[in-house]
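The values are calculated or read from the model by the stated rules, or taken from the named source; none is laboratory data. The structure presented is a predicted model; accordingly, all values stated were derived computationally and were not measured. Neighbour counts are summed over all protein chains in view; Cβ atoms, including those assigned to glycine, are modelled from backbone coordinates with ideal geometry. To get the accessible areas, we keep the full protein, side chains included, count just its heavy atoms, and leave off ligands, DNA and RNA. Shrake-Rupley method; radii C 1.70, N 1.55, O 1.52, S 1.80 Å.
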Amino acid sequence: MSLYLLENQTSERLEFRRFLSSDFDDWMPFYQNPLSTKYWDGLPTDPSVACKEQFVRVFERYDLGLGGMNALILKETNQLVGMCGLLVQNVDEVEELEIGYSILPEFWLQGFAFEAAQKCKDFAFENNFANSLISIIHIDNIPSQKVALKNSMHLDKTTTYKDNPVHIFRVNQG
């Protein structure tokens, strides 16, 4: 079991659970919409390949205990709406705990990213996983930056991460 997973946690509208291989087809629309990945360079252009690579990373994180993305399930309909989780990352040679989030395009602009990110923040601090949390966000990805700001994060620094120019947003415990 990965320490940082929010398995069996809930928020107002969402249930958190591990991703399953069977979620692949439900997650494909994320990569089929070019707006989903327009801010991140270096991803495969073929949606199926990009989705497969992400699923490999998700399950690898589970196996290595490096946190991981939780499937976000809408309580009302049992639909997959996105993913969010606590991820062990190495940024500028410092190990950090990141709140990562992605929402399926049909569920954009409904507050799901904030709701899930806030739950991750609260869960991490309640369990004393870290004194601060970050979100790694491309410098041009204004929608994700707005989620971080709403989640009480502040712009900590700008750097390069996986060959992309990024802002590191941070929130400190307490």
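For the range 29-174, the solvent-accessible area works out to 50 Å² per residue, with a probe of 1.4 Å and every protein chain left in place.
Relative contact order of the range 48-105, taken over Cα pairs closer than 8 Å and 6 or more residues apart, is 24 percent. Taken over the range 78-121, the alpha-carbon convex hull comes to 81 cubic angstrom per residue. Heavy-atom accessible surface of His138, to the nearest 10 Å², is about 20 Å², with a 1.4 Å probe and all protein chains retained. For the range 50-109, applying the loop criterion from DSSP together with a ceiling of 15 other beta carbons within 10 Å to the trypsin sites (Lys or Arg not before Pro) yields Lys75.
Each Cα pair under 8 Å and six or more residues apart adds its separation to the average, and for the range 73-174 the resulting relative contact order is 22 percent. Relative contact order for the chain: 20 percent, from Cα pairs under 8 Å spaced at least 6 residues apart, divided by residue count. For the range 21-67, the ratio of Cα radius of gyration to the globular rule of thumb 2.2 N^0.38 Å stands at 1.19. The Rg/Rh ratio for the chain, using Cα coordinates for both the radius of gyration and the Kirkwood hydrodynamic radius, is 0.92. Shown is the FRET efficiency for Lys146 and Asn172, computed with R0 = 22 Å from the Cβ-Cβ distance and rounded to the nearest 0.05: 0.65. Using a 1.4 Å probe over the heavy atoms of the protein chains, calculate the carbon and sulfur portion of the accessible area of the range 117-174 as a whole percent. The nonpolar share, carbon plus sulfur, comes to 45 percent.
Placing pseudo-labels 7 Å out from each Cα toward the beta carbon at Asp26 and Trp108 gives an inter-label distance of 2.1 nm. For the cross-link pairs Lys119/Lys150; Lys119/Lys162; Lys38/Lys75; Lys52/Lys75; Lys38/Lys121; Lys52/Lys162, the ones whose C-alpha atoms lie over 24 Å apart are Lys119/Lys162; Lys38/Lys75; Lys52/Lys75; Lys38/Lys121. The Cα atoms of the range 1-97 define a convex hull whose projected area, averaged across directions, is 7.1 nm². In summary, the range 79-169 shows an alpha-carbon radius of gyration equal to 1.04 times the 2.2 N^0.38 Å reference for compact globular proteins.
Among Ile134, Ile73, Ile142, the largest mean-square fluctuation in a Gaussian network model of the chain, built with springs joining Cα atoms closer than 10 Å, belongs to Ile142.
Peptides 105-115, 151-161, ordered by how many other C-beta atoms sit within 10 Å of their residues on average, highest first, read 105-115, 151-161.
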